[in-house]
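Worksheet for the structure shown next.
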Amino acid sequence: MSPPPRPGPSLDRLSPIIADAPLTSAPAASASATPPPERLAPHQRARPMAKGTTRPAKDLCSDCGLCDTRWVAYVRQACAFLEQRFEAMEIAAHGRSRDLDREDELYFGVQQRMLTARLRQPIDGAQWTGIVSRIGVRALETGLVDAVLCVGQSPEDRFTPVPRLARTPQEVLEARVNKPTLSPNLEVLEQLPGSGIKRLLAIGVGCQVQALRAVQATLPLDQLYVLGLPCVDNVSREGLQTFLESASRSAATVVHYEFMQDFRIHFRHSDGSTETVPFFGLDTPRLKDVFAPSCLSCFDYTNAGADLVVGYMGAGFGSQWITVRNALGQQLLDLVEGELETGPVFSAGDRRQAVQQGIGAYDKAVRLPMALAELVGFFVKRFGPKGLEYGRFSIDSHFTRNALWLRRNHPAIAERHIPAFAKRIIAAYRLPES
Ligand SMILES: Cc1cc2nc3c(=O)[nH]c(=O)nc-3n(C[C@H](O)[C@H](O)[C@H](O)COP(=O)(O)OP(=O)(O)OC[C@H]3O[C@@H](n4cnc5c(N)ncnc54)[C@H](O)[C@@H]3O)c2cc1C
Ligand code: SF4
Ligand code: SF4
């Protein structure tokens with residue numbers, strides 16, 4: 001039998017892993033039940049960690065919010081940076097783990113179907129066309145769920161995330177658009193007991209979803225739906241400032257930006273104007289240290305644990321890209337499918353040479369003069385990878401970079417932290433010496 005989860009966050013090193021603790025080991029909690037102390041589940045005896053204290057994952061912490069709740073009791077198995085449990089998570093959530101011999105699953109995870117889509121009536125101010133917000137709205141309107149875990153913004157700063165349990169469609173809509181910074185989404189789990197929320201839709205990025213899945217069976221919920229976003233290269237609020245100042249002509253007025261499939265960053269400013277900058281013109285030497293260490297050690301780009309994933313990188317320019325992982329994901333998509341223009345996924349070009357060249361250039365922190373960056377951008381946009389091949393280009397580039405970063409900065413944990421699917425992807429490339 002596996003050992004029970006150990007309560008308490010008092011970890012003094014990075015990897016005190018309970019290797020075979022089951023993901024669903026603790027009994028379901030009830031907000032009203034008060035069993036004798038010896039029969040309380042670990043989270044019923046635990047307290048949230050104080051804000052600002054060092055987290056168990058130390059510098060690798062992505063501030064997912066779990067440690068701000070009583071469910072910190074399970075941090076050793078739940079934290080994406082203390083232990084990687086992709087296979088167990090996929091089996092628990094989807095009934096099976098990804099088939100590493102199928103290229104689409106190797107790259108994009110367990111799936112029933114993939115498609116491209118746009119809302120026929122896009123939501124003004126959304127990150128893309130607003131499919132995520134629309135699903136959240138419909139989930140509440142149809143009574144599928146009682147609340148939606150989403151991320152609003154601070155009244156003082158558009159880029160400072162404020163996680164919330166939205167109870168009305170209006171609150172979901174107010175949370176539209178990315179706050180492209182680390183967000184403690186799971187801190188709101190602390191509000192669940194006594195809230196009357198029994199059916200929850202949680203929107204989140206991979207590290208948040210890994211922790212959520214690990215504690216799912218102990219939450220006071222009858223039903224959980226998980227709507228995932230792909231995610232890479234996230235930053236702290238200070239890191240975001242450095243990025244904006246280095247990449248945009250006017251950091252102070254940026255209200256929205258996205259790395260798009262045309263190999264350019266598209267900025268929108270508060271006066272309504274737009275600005276685009278080629279990826280290849282970024283100030284790599286300055287930006288190498290901007291990404292959070294959590295994100296430089298992350299391989300959950302495509303959000304393996306979500307029921308449904310809505311991103312863009314596997315779609316053509318201007319479209320969104322949807323991966324349905326299981327029946328719950330299809331149920332979420334059913335809420336809006338009639339409002340979408342949909343199309344099949346496609347793939348064009350060959351990423352491999354560009355990825356291999358990019359590994360060396362990034363490692364040496366090469367910065368191209370802007371005129372040359374524009375020229376390279378023009379040719380790559382014209383002849384480079386498109387659709388799913390663009391997605392694979394981005395995954396290959398980030399997985400190789402992250403593997404190298406881990407081997408250099410955390411050699412003791414690198415090999416067990418890199419999941420099997422990422423190892424197989426990385427093996428196709430020559431990496432610089434660690
Ligand atoms: C940090 C980050 C990085 C991303 N990187 C990629 C990528 O590399 N490739 C790709 O294909 N897609 C990526 N995405 C997803 C993509 O940018 C869009 O969010 C997605 O396609 C949904 O667009 P939408 O118009 O439907 O969303 P909207 O309807 O505008 O809704 C956006 C949702 O995002 C949630 N959200 C906002 N900020 C955060 C946050 N910091 N953490 C968790 N949830 C948040 C909000 O709750 C909101 O519900 C990323 C998203 C984030 C937040
Ligand atoms: S990533 Fe989440 S679970 Fe891990 S240490 Fe940080 S807050 Fe805690
Ligand atoms: S890149 Fe990974 S670790 Fe960083 S916020 Fe996104 S999912 Fe979390």
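Rule-based calculations on the coordinates, nothing more; no lab input. What you see is a predicted model, and the numbers here were worked out from it, not measured in a lab. Here Cβ is always computed from backbone atoms with ideal geometry, including for glycine, and neighbour counts include all displayed protein chains.
List of remarks:
- Relative exposure of 313, 49, judged by other C-beta atoms within 10 Å (fewest first): 49, 313
- Modelled spin labels at residue 190 and residue 348, positioned 7 Å past Cα toward Cβ, are 5.1 nm from each other.
- Reachable aspartates and glutamates from residue 51, criterion Cα separation under 12 angstrom, eight or more residues apart if same chain: 63, 68, 187
- Working note: Karplus 6.51/-1.76/1.60 with θ = phi - 60° gives the stretch 82-98 the couplings 9, 7, 9, 10, 4, 4, 5, 5, 5, 5, 5, 7, 10, x, 6, 8, 5 Hz, where Gly and Pro are set to x.
- Whichever lysines have a C-alpha closer than 29 Å to that of residue 423, once near sequence neighbours (fewer than 8 apart) are set aside: 58, 288, 364, 381, 386
- Theoretical FRET efficiency, 1/(1+(r/R0)^6), r = Cβ-Cβ of residue 38 and residue 374, R0 56 Å, to 0.05: 0.25
- In this calculation the C-beta distance from residue 367 to residue 91 is compared with R0 = 41 Å, giving a FRET efficiency of 0.40.
- Basic side chains Lys and Arg get +1 at the Cβ, acidic Asp and Glu get -1 at the Cβ, and with that the dipole of the chain about its Cα centre reaches some 600 debye.
- Counting Lys and Arg as +1 and Asp and Glu as -1 over every other residue whose Cβ lies under 12 Å from the Cβ of residue 44, the net charge comes to +3.
- Fewest-first ranking of 171, 258, 90, using other Cβ atoms within 10 Å as the exposure measure: 258, 171, 90
- Dipole axis of the stretch 371-434 (+1 Lys, Arg; -1 Asp, Glu on Cβ), positive-most option in 434, 405, 395: 395
- Extension gain (nm, one decimal) between residue 266 and residue 50, 0.36 nm per residue minus Cα-Cα: 74.0 nm
- Distance in nm between pseudo-label sites at residue 258 and residue 58 (7 Å out along the Cβ direction from Cα): 3.9 nm
- Between the stretch 263-284 and the stretch 101-141, the Cα center-to-center distance that results, in Å: 24 Å
- Among 207, 321, 276 the positive-end extreme of the charge dipole of the chain (Cβ point charges): 207
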